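The values are calculated or read from the model by the stated rules, or taken from the named source; none is laboratory data. Only a predicted model underlies this, so the values are computations on that prediction, with no experimental measurement involved. Heads up, the Cβs are rebuilt from the backbone with ideal geometry, glycines too, and the neighbour counts pull from every protein chain shown.
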Amino acid sequence: MRRALATVLVVALAGCSAGGSSDGAATSSDGPAGAPTTTEALTFDDRPDDVADEVFADLGDPRIDVRSYDVEVRADPGDPRIEGEVTMALAPTGDDALRDFTLDLKGPEITDASVDGEPAQVQAGDAEVVITPAQPLLGGDEVEATFTYEGEPSQAPFPVFGITVGWQPDDEGGWFTMSEPAGTSSWVPCNDHPSDKATWRVTLDVPEDTEGISNGRLEGDGPEVADGRARWTWSEDEPMASYLVLAAVGDYDLVTADADGVRTTYAFPTSLDERGRRGFDRTPEIVAWFAEQFGPYPADDSGAIVVPTDLGVALEVQTRPLFGLDDTGAAVGALAHELAHQWFGDAVGPERWDDLWLNEGFATYADWMWGEHDGGDTVDEEAARAHERQGDTSIPVHDPQAAATFDFLIYEGGALVLHALRHEVGDEAFFEILRRWVAEHRGSTATTADFVALASDVAGRDLQELFTAWLDRAPLPDLPR
Ligand SMILES: [Zn+2]
């Protein structure tokens, strides 16, 4: 995720009035950098049916591993109700028999549930459902669970960016999803925590004159059309965290190009003119340059979606980053950042949300690198400015509360960690670390400890002290020269 450029500038001008920004929604809840004004009280419980994550508690169920989702949702522009069915292959993560498990679900109600063809009991709570199969799940055995559901997805405000998370209306009567950090469970029951990746196949059943957009590749040559409906089926075969799943329904043009074995598919609102689309033309160029730096592009599909709404932020959505109308034009501010997330955040995901710097610090640093390569400010200049803004922070970069608010410290402080590492080990070792990081954890998740161990391994010496100084202490050390 990244604030749209106008908002970044407002944050950079912390303390100044927000003059020049026309997007009050995106900026009103941002205080000066490092001091978010709105913070939900963090509650951290250790219920065994929730992932032990002190950043966003109550999500996911660590006792199950969902391996695939095949979801079909019927949706209509202007109608807030959806009808859906999802079939998931899942297995218990432990050896003991599992009597029940939970799925996250906010809004719709499950009307029918089965596990391996036998009816299962469903007990609905506020934001999750308890599923009790007829037979306990046995350790290691994969089962197929199917749920039919219907209702109105419930949206949740995400105070930090002034955005709404979940399935929501766009400005033209269609629907789209803002999934990070836990919006996918507003429209499909799922294990909504990044620690559980799965393959996803998404079918959107929409009126015949409407498009349905999701991640990965469109199956067939187009939608299946029958009885006035169009069924758009997309599949993403690379494992994907639930917070990276996309659904959008509306009037879109699909624009496709193939380059270097990667298919690039853009979904633009039909109302978006050529000028608004132009900036996205640089996507294949940026992807190719990042591939030289970080290793091969980690998916078969690339592209972007623009939704017909001003958002104030862009989202890293796997294979198809999501932008609002306010982030289009000749130069798309967050394009390099969101494309870098395809390596850092998507191919390699965080095991827990407090490792968010592994996403945002890396994407920010890659954005700086692209800027320098493209003739803009150098990485050194960017780092100096970031250090000016973040250096005297009182919050460590690797801090659960900062992660919970997506504090800009995570972005710039996280990038400064990499800058310090690069100074410490030199360019050759630094890029070997980044390439091995992706190669060794692609399709999976990783932790800060994994990164410290890898960096130390490549450098040939223990670098824990460097990471402790930059990640776990505040204020930040002086910038290396
Ligand atoms: Zn980001």
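Can you pull out every residue in the stretch 318-341 that is within 11 Å of the ligand (Cβ to nearest atom) and within 18 Å of ALA288 (Cβ to Cβ)?
Of the residues in the stretch 318-341, the ones within 11 Å of the ligand (Cβ to nearest atom) are 321, 334, 336-341.
Matches in the stretch 318-341: PRO321, ALA336, HIS337, GLU338, LEU339, ALA340, HIS341.
Which numbered condition in (1) among the polar types (S, T, N, Q); (2) touching a helix residue (DSSP H, G or I) at 6+ places or on another chain (Cβ under 7 Å); (3) under 30 Å from ASP300 (Cα atoms) is the only one that SER186 fails?
(2)
Looking at the stretch 251-274, is at least one residue in contact (Cβ under 8 Å) with a residue 60 or more places away in the chain, closer than 15 Å to ARG74 by Cα, assigned by TED's automatic domain parsing to the domain that holds ASP326 and of a type outside the set (A, V, I, L, M, F, W, C)?
No.
Does the stretch 136-150 contain at least one residue that is β-branched (Val, Ile, Thr) and closer than 16 Å to SER242 by Cβ? So that I can check it myself, show each step before the final result.
Step one: list which residues in the stretch 136-150 are β-branched (Val, Ile, Thr), which gives 143, 146, 148.
When the remaining residues are screened for being closer than 16 Å to SER242 by Cβ, the result is none.
Looking for residues that are β-branched (Val, Ile, Thr) and closer than 16 Å to SER242 by Cβ, one finds none in the stretch 136-150, hence no.
Looking at (1) away from the ligand (no atom under 12 Å from the Cβ); (2) at pLDDT below 95; (3) under 27 Å from HIS193 (Cβ atoms); (4) not small (Gly, Ala, Ser), which is the only condition LEU409 fails?
Evaluating LEU409 over (1) away from the ligand (no atom under 12 Å from the Cβ); (2) at pLDDT below 95; (3) under 27 Å from HIS193 (Cβ atoms); (4) not small (Gly, Ala, Ser) leaves (2) as the failure.
Please find, within the stretch 176-208, the residue that is farthest from the chain's Cα centre (by Cα) out of those that are closer than 18 Å to ARG320 by Cα, surrounded by fewer than 24 Cβ atoms within 10 Å (Cβ to Cβ) and of a type in the set (S, T, N, Q).
THR203
How about the stretch 78-127: which of its residues are farther than 19 Å from TRP200 by Cβ, modelled with pLDDT of 95 or more, of a type in the set (Asp, Glu) and not assigned by TED's automatic domain parsing to the domain that holds SER185?
ASP100, GLU109, ASP112, ASP116, GLU118
Which fully enclosed strands (runs of 3 or more DSSP E) of the stretch 138-214 have 3 or more residues being of a type in the set (A, V, I, L, M)? So that I can check it myself, show each step before the final result.
Numbers: elements: 143-151, 156-158, 163-169, 175-178, 198-207, 211-213.
The strands (runs of 3 or more DSSP E) meeting that bar are 198-207.
Provide a single number: the residues in the stretch 146-163 that are modelled with pLDDT under 95 and not small (Gly, Ala, Ser).
7
Determine whether VAL417 is in contact (Cβ under 8 Å) with a residue 40 or more places away in the chain, assigned to a helix (DSSP H, G or I) and touching a Gly at 6+ places or on another chain (Cβ under 7 Å). Give the derivation first.
On the way: in contact (Cβ under 8 Å) with a residue 40 or more places away in the chain: yes; assigned to a helix (DSSP H, G or I): yes; touching a Gly at 6+ places or on another chain (Cβ under 7 Å): yes.
Judged against the criteria, VAL417 is a match.
If a residue has to be at positive phi and of a type outside the set (Asp, Glu) to count, how many in the stretch 223-246 make the cut? Can you show your working first?
Here is the first cut: in the stretch 223-246, the residues at positive phi are 227-228.
From what's left, of a type outside the set (Asp, Glu): 228.
Looking only at that region, the number is 1.
Could you grab me the full set of residues in the stretch 215-246 that are assigned to a loop (DSSP other than H, G, I, E, B) and touching a residue at least 40 places away in the same chain (Cβ under 8 Å)?
Here is the first cut: in the stretch 215-246, the residues assigned to a loop (DSSP other than H, G, I, E, B) are 215-216, 219-223, 227-228, 241, 245-246.
Hits for the stretch 215-246 are ASN215, GLY216, ALA241, VAL245, LEU246.
Yes or no, residue by residue, for (1) surrounded by fewer than 24 Cβ atoms within 10 Å (Cβ to Cβ); (2) part of a helix (DSSP H, G or I); (3) modelled with pLDDT of 95 or more:
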position: ALA304; (1), (2), (3): no, no, yes
position: THR309; (1), (2), (3): yes, no, yes
position: ALA314; (1), (2), (3): no, no, yes
position: THR319; (1), (2), (3): no, no, yes
position: GLY329; (1), (2), (3): yes, no, no
position: GLU338; (1), (2), (3): no, yes, yes
position: ASP346; (1), (2), (3): no, no, yes
position: GLU360; (1), (2), (3): no, yes, yes
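Which one is surrounded by the most Cβ atoms within 10 Å (Cβ to Cβ) among residues in the stretch 386-406 that are assigned to a helix (DSSP H, G or I), away from the ligand (no atom under 15 Å from the Cβ) and in contact (Cβ under 8 Å) with a residue 60 or more places away in the chain? Spell out how you get there, then give the answer.
Taking the stretch 386-406 and keeping what is assigned to a helix (DSSP H, G or I), we get 386-390, 400-404.
In the following step, the residues that additionally are away from the ligand (no atom under 15 Å from the Cβ) were identified as 387-390, 400-401, 404.
Filter again for in contact (Cβ under 8 Å) with a residue 60 or more places away in the chain, leaving 387, 389-390, 400-401, 404.
Values: HIS387: 21, ARG389: 18, GLN390: 25, PRO400: 18, GLN401: 15, ALA404: 21.
That would be GLN390.
Answer yes or no as to whether LEU434 is away from the ligand (no atom under 11 Å from the Cβ), surrounded by 23 or more Cβ atoms within 10 Å (Cβ to Cβ) and either on the phi < 0 side of the Ramachandran plot or within 21 Å of the chain's Cα centre (by Cα) (or both). Walk me through how you get there before you give the answer.
Values: away from the ligand (no atom under 11 Å from the Cβ): yes; surrounded by 23 or more Cβ atoms within 10 Å (Cβ to Cβ): yes; either on the phi < 0 side of the Ramachandran plot or within 21 Å of the chain's Cα centre (by Cα) (or both): yes.
When the stated conditions are applied, LEU434 passes them.
Which condition breaks for THR319 when tested against (1) in contact (Cβ under 8 Å) with a residue 40 or more places away in the chain; (2) over 18 Å from VAL438 (Cα atoms)?
(2)
Yes or no, residue by residue, for (1) within 14 Å of the ligand (Cβ to nearest atom); (2) over 30 Å from ASP478 (Cβ atoms):
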site	(1), (2)
ASP300	no, yes
GLU316	yes, yes
ASP354	no, no
TRP357	yes, no
GLU372	no, no
ALA383	no, no
